[in-house]
1. Go ahead and collect, in residue order, the members of region 112-148 whose backbone nitrogen is under 15 Å from a label point 7 Å along the Cα-Cβ direction of residue 3.
2. At a threshold of 8 angstrom on Cα-Cα distance, excluding pairs fewer than six apart, so keeping six or more, what relative contact order does region 4-162 reach in percent?
3. I'd like to compare 14-26, 112-124, 144-156: which one has the highest average count of other Cβ atoms within 10 Å, and what's the full order after that?
4. Sort largest first and round to whole Å: the equivalent ellipsoid semi-axes of the chain, each the square root of five times a Cα gyration tensor eigenvalue.
5. Provide the gained length on full extension for the span residue 99 to residue 124, in nm with one decimal, where the gain is 0.36 nm per separating residue minus the Cα-Cα distance.
6. Kindly express, to the nearest 10 degrees and within the range 0 to 90, the angle between helix 148-158's C-alpha long axis and the longest C-alpha principal axis of the chain.
7. Between region 68-82 and region 1-62, how far is it from one alpha carbon centroid to the other, in angstrom?
8. Considering the zone a paramagnetic label at residue 79 would reach in this model (a point 7 Å from Cα along the Cα-to-Cβ line), which residues of region 13-51 have amide N under 18 Å from it?
Ligand code: FEO
């Protein structure tokens, strides 16, 4: 059985993951409208990943005999700046998600809940990947420094994301 605190935090994490999906979907729409299909595809795949993250928590809560409680999802930000601004926002957002996952892990340690720690290990590793991916794109966009030709090339690279 999950502790009451850890259960509440995992339910809150479902909401955060779904908000992430919503945020990245909004970013995907923004890029679609700007005719940057590679960026839009990257964001759309990212939104699907976030939904899968939420589903992992959803299933795990059930596996541990807990009650899933779904709360309202906030509307995502909708006025975005340059692609670099957007990806800096992704970077910041993922850092906040990492802090949240670390908080869950700390609670699992406090509870001596070894099973939850094993489950959360996957997310600890995933956050390393998530931050790395956002940082990579920030790096590319900083490299091209707003040049339309550079942006066109980065957009082409973004199409390569497979999952
Ligand atoms: Fe589910 Fe992007 O962290």
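Rule-based calculations on the coordinates, nothing more; no lab input. Every value quoted in this text rests on a predicted model; they were computed, and no experiment measured them. Heads up, the Cβs are rebuilt from the backbone with ideal geometry, glycines too, and the neighbour counts pull from every protein chain shown.
1. Residues 112-118 qualify, since their backbone N sits under 15 Å from the label point.
2. 30
3. 14-26, 112-124, 144-156
4. In descending order the semi-axes read 33, 15, 12 Å.
5. Contour length minus the Cα-Cα distance gives 8.0 nm.
6. The helix 148-158 is inclined about 40 degrees to the chain.
7. First find each Cα centre; the distance between them is then 10 Å.
8. Output list for this probe position: 26-27, 30-31, 34.
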